[in-house]
Structure formats: C-alpha cells, structure tokens
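The values are calculated or read from the model by the stated rules, or taken from the named source; none is laboratory data. Since this is a predicted model, take the numbers as computed values, not measurements. Counting neighbours? That spans all protein chains shown, and the Cβs are built from the backbone with ideal geometry, glycine included.
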Amino acid sequence: MSKNKIRLGINIDHIATIKTNRGTPYPSLIDAVKIAEDSGADLITVHLREDRRHIQDQDLIDVKSVARKLNLEMALTEEMLTICLKTQPDYCCLVPEKREELTTEGGLDISGMSKEKFNFLQEAILKMTKNNIIPSLFIDPDINQIDYAIKSGVSCIELHTGTYADSTNPNQQLQELEKLTIAAEYASKNKIQVHAGHGLNLSNLSNICKISQIEELNIGHSVIADSIFKGLKCAVQDYRSLLDND
C-alpha cells in the first residue's frame with residue numbers, strides 16, 4: 001500500500017504579525033509566499049481575523065495576487081463572507097473566533113448553533129460553492145460535529161489537532177490521536193474530505209501523517225518559529241520532507 005500524498009498548507013499569519021506590529025511594509029508576505037511555494041508548500045493559508053491582529057485586508061489582496069492556491073480562514077460573519085466572495089480564494093475554512101484568545105482555541109461548534117446561525121452557515125457554504133470556492137469547517141474530532149457538518153452541505157472539514165498537539169501525557173496524546181483517527185475515518189466514509197491542523201510541529205507530526213484519510217495539513221506557527229533559526233526555505237522543506245517520507 002503506497003503512502004498517502006498529503007498536501008502541505010503553510011500559514012504565514014505570524015510573518016504578518018511582525019509587519020503589523022510595527023506598521024512596516026516588511027517582511028514581505030509576497031516574498032514569503034514565493035519561498036514557501038518554491039520549498040514545497042502546496043497552498044498558502046492566511047487567517048483574516050475580525051480584529052486584524054496580523055493579516056490586513058491589503059495583505060489578503062497581495063497574497064491572493066501571487067499564491068498558486070490560497071486558503072482563507074475566517075469567522076462566520078456577513079463581513080467576512082463579503083470579503084471572501086470578493087477576494088475569491090481557492091478554499092475558505094470557517095473557524096471560531098474570540099477577541100481575547102491568543103489563537104484559535106477549538107473547533108467550530110456547529111451542533112450548538114442556533115437555527116438562525118446554522119441557516120447562515122448553509123447560506124455561506126452555498127454562496128462559496130457557487131463562486132467556485134471550496135468551503136471547509138474547522139471542527140473538533142467529534143462524530144456529532146461531523147454529522148452536523150454533513151447536514152450543513154459542506155464537503156470538507158479540517159480537524160482541530162490542538163488538543164493532541166498540546167498533550168504532554170503520552171497516554172492522553174494516544175487517546176487524542178485515536179479520536180482524530182476515528183473522526184477522519186468516519187468523515188471519509190461519509191464522503192467528506194479531511195484536512196487537519198493546529199499546534200503541529202516536527203516532533204508531533206509523524207503520527208498524524210499516518211492517518212490515511214487526511215489529505216491536507218495546515219501548519220503555521222511552528223514553521224515560522226523554526227524559520228527564525230534555519231530560514232523559511234529550510235523550515236518549509238523540513239515539513240515537506242516529513243510529509244513525503246515518514
């Protein structure tokens with residue numbers, strides 16, 4: 001049985017953080033896109049947050065102009081849907097947002113949505129699909145959430161790997177890995193494409209790569225952290241190599 005080919009999405013939000021914090025035109029996100037793609041990235045991921053703490057509206061336009069494939073992460077709001085439809089990314093991943101959080105803390109709670117919010121979710125998915133944008137939902141590895149994702153009409157999910165990645169207890173990490181494996185298998189059996197991401201790095205990535213149903217991984221913070229010492233080109237190449245050979 002041949003190894004599954006996993007697409008590598010590189011999230012460049014934290015390069016934008018450096019730029020935004022000082023209000024400078026550098027470091028160049030356009031250069032970052034080119035280096036990441038030349039080093040093995042299959043797509044570029046950016047998260048345009050409502051508070052604009054890193055990626056700015058113009059950054060999104062700039063990245064879209066050069067990226068071969070762009071995945072836009074965003075909250076489920078009217079404002080963001082309008083921006084998405086105008087920008088026309090290749091993919092759009094809907095994620096939860098809290099103003100006070102340091103980073104996304106968990107998956108989108110689809111099963112807990114009000115009827116009005118769920119109807120808006122279905123409407124957003126339909127509008128994206130009609131505009132040739134592939135929508136996905138960032139959710140926890142939970143069968144109930146996957147069932148609601150299926151009801152929403154989406155054909156792709158991204159499993160939140162943060163709890164697995166943050167586990168320091170080996171037994172707990174194995175339990176979280178099992179949850180991810182079961183969720184990926186269940187989604188795939190229901191004809192839902194499976195992506196994954198959050199908190200992944202070179203030390204915890206190998207077991208995730210062995211889940212055969214996972215077709216794409218989106219990785220950001222650890223790549224940019226590694227790049228401080230080894231350069232962005234080498235950092236991306238290291239992740240590309242692990243996905244291809246582990």
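For the range 128-142, which residues satisfy the criterion of being more than 20 Å from Gly112 (Cα to Cα) and touching a helix residue (DSSP H, G or I) at 6+ places or on another chain (Cβ under 6 Å)?
Within the range 128-142, just Asn131 meets the criteria.
Please enumerate the residues belonging to the range 25-40 that are in contact with a helix residue (DSSP H, G or I) (Cβ under 8 Å, 6 or more places away or on another chain) and either surrounded by fewer than 17 Cβ atoms within 10 Å (Cβ to Cβ) or at negative phi (or both).
Pro25, Tyr26, Pro27, Leu29, Ile30, Ala32, Val33, Lys34, Ile35, Ala36, Asp38, Ser39, listed by residue number.
Is it true that some residue in the range 13-28 is in contact with a strand residue (DSSP E or B) (Cβ under 7 Å, 6 or more places away or on another chain) and of a type outside the set (A, V, I, L, M)?
Yes, there is a match, as at least one residue in the range 13-28 is in contact with a strand residue (DSSP E or B) (Cβ under 7 Å, 6 or more places away or on another chain) and of a type outside the set (A, V, I, L, M).
Among the listed residues Ala32, Ala75, Ala36, Ala41, identify the single one that is small (Gly, Ala, Ser) and touching an Asp or Glu at 6+ places or on another chain (Cβ under 7 Å).
The conditions single out Ala75.
Which numbered condition trips up Ser39, out of (1) of a type outside the set (A, V, I, L, M, F, W, C); (2) touching a residue at least 60 places away in the same chain (Cβ under 8 Å); (3) closer than 26 Å to Asn132 by Cβ?
That leaves (3) as the condition not met.
Quick one: in the range 180-206, which of the residues that are closer than 16 Å to Ser167 by Cα and small (Gly, Ala, Ser) is nearest to the chain's Cα centre (by Cα)?
Ranking the candidates gives Gly197 first.
Evaluate the following for Leu137: is it modelled with pLDDT of 95 or more, crowded, with 16+ Cβ neighbours inside 10 Å and in a helix (DSSP H, G or I)?
So Leu137 does not fit the description; no.
Give me the residue from the range 1-19 that is more than 21 Å from Cys93 (Cβ to Cβ) and not hydrophobic (A, V, I, L, M, F, W, C) and, out of that set, surrounded by the most Cβ atoms within 10 Å (Cβ to Cβ).
Looking at the filtered set, the residue picked out is Lys19.
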